[in-house]
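Each remark here refers to the structure printed beneath this line.
The values are calculated or read from the model by the stated rules, or taken from the named source; none is laboratory data. Predicted model, so just to flag it, every value in this text is computed and none were measured. Counting neighbours? That spans all protein chains shown, and the Cβs are built from the backbone with ideal geometry, glycine included. Heads up: the accessible areas ignore ligands, DNA and RNA and are worked out on the full protein's heavy atoms, side chains in. Shrake-Rupley method; radii C 1.70, N 1.55, O 1.52, S 1.80 Å.
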Amino acid sequence: MPSEILLKIFSYLDAVSLLCTGCVSRRFYHLANDNFIWIGIYSTAFSSTRLNWKVNSVEKIAMSMSFLSVQDKEAGYWKKEYITKQIASVKAALADILKPVNPYTGLPVKTKEALRIFGLGWAIILKEKSGKEYIMEHVDLSINDTSVTVIWYGKDWPCLASLSTLDLCGVTPVFMDWYKTPTKHRLRWHSLIAKYNLSHLTESTMLGCDRLIRIFCLHPGLLVGLWKKEEELAFVMANLHFHHLVERSTLGSSTIPYELPPHSPFLDDSPEYGLHGYQLHVDLHSGGVFYLCGTFRNLFTKKGNIENGHVKLIVINLKNNREHLPLIGKVGLSWKTDIFDGCIKSCSMMDVTLLDEHGKPFWCFSSPVCMRLPATPSDGPSFLGQTYSMDYVDAEGRVHVELVWIRETEEYFIVNLVLYLSVAKINHWFGTEY
């Protein structure tokens, strides 16, 4: 078919259809880069004339433009301009919807709405040592108070021995269509959130097991389930905290994660008094069931409470019985695949949101955790029940929880909850020199 006729046909296509057409063949790719077609699409999308009741045709818009201004540009110039402006408009809309902040949580009020409006999803990219890639869309997700849990499972997992890394990416439509629900067949943008090395699935990262699977925790916040018998992948579960989640899931590239803007230190007008006025919200949950949902206000610590490069912030005091809290129900981490499901005892997801004295998110994370027998006896009072500990560690701090199992009432009580905040993080945040 002559190129002139194909160009005429292409001129009736929308942007997404035209981009897809360009993937058919090399000839179609060059024809679909035609500047006259793309300047019409660009003008229709971004010109104020698109708001009028009477919209000019592509031919009239193209003719109204200077012939030389179109002809002098290299092929594909106006396609690139259109895509760049579309991405910029999405970022602007994203920033606008995330602007209102909840004064109690320090997190954007409309995070759930943003996830829905922008058609946001998540994918994992499994990479073989040979370079071959497998892209898997999420199968299920649940939205919690301050996090979202995303799950992947199926029958077509590649052989674990052949895999090297796993990339976790946010997935959004390249072009937002405000009148249609985005589908998985539309062009989508991948934003790398985290990269994981699958060689780290060792005994040191194993969190727990049941009769069918073993689960492993890879930082940050990824849970990998392996079948016990075959030692192959059963499922992957990611727990993603709401703090900067939408930005991390949309504003990065397929190879480079979103980078937070430079932090300007808050002025600490009384550094000699240490930290004060902090607020902590902590959730323990799994499969939509919450074992703990607690908020602790007016937390403080003195400047002298520094141990091994960390400031100690006591939330629940071991020696104060009035502060001890019960967990609701029996703790366990629920999992499922397309064939089986189960629950691994003593494991759960932990969401932590720590706000500073200004109500700004200071330290936020979501991660799998597990109750274990303590390595050393507690220094506090003895309790009528078995004692367990639950710990989380990253570069910004550490969480230590001590629990007691009360046999008579068959429930766990949190008798000690302590945060150890990195001195380097505090100095960076406030510009201090602790």
Could you tell me the ratio Rg/Rh of the chain? Both radii from Cα atoms, Rh via Kirkwood.
1.06
Taking H placed 1.01 Å from N in the peptide plane, check which residues at least 5 places from G274 or on another chain put their amide H under 5 Å from its amide H.
K303
What does the helix-only formula give at 222 nm for the chain: each DSSP H stretch with n ≥ 4 adding -39500 (n - 2.57), the total divided by the residues, and the result rounded to the nearest 500 deg cm²/dmol?
-5500 deg cm²/dmol
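Just to make sure I understand: if all protein chains stay in place, what is the order of H310, H324, H200 by accessible area at 1.4 Å, largest first?
Values: H310 55, H324 25, H200 100 Å².
So the residues, ranked largest to smallest area, are H200, H310, H324.
Could you tell me the relative contact order of the chain? Use alpha-carbon pairs under 8 Å, at least six residues apart, and round to a whole percent.
Relative contact order here is 11 percent.
Let me check I've understood the local charge: for F413, count other residues with C-beta under 11 angstrom from its C-beta, Lys and Arg +1, Asp and Glu -1. What total comes out? Intermediate results must be reported in sequence, preceding the final value.
Working: positive: none; negative: E323, E402, E411.
Here the count lands on -3.
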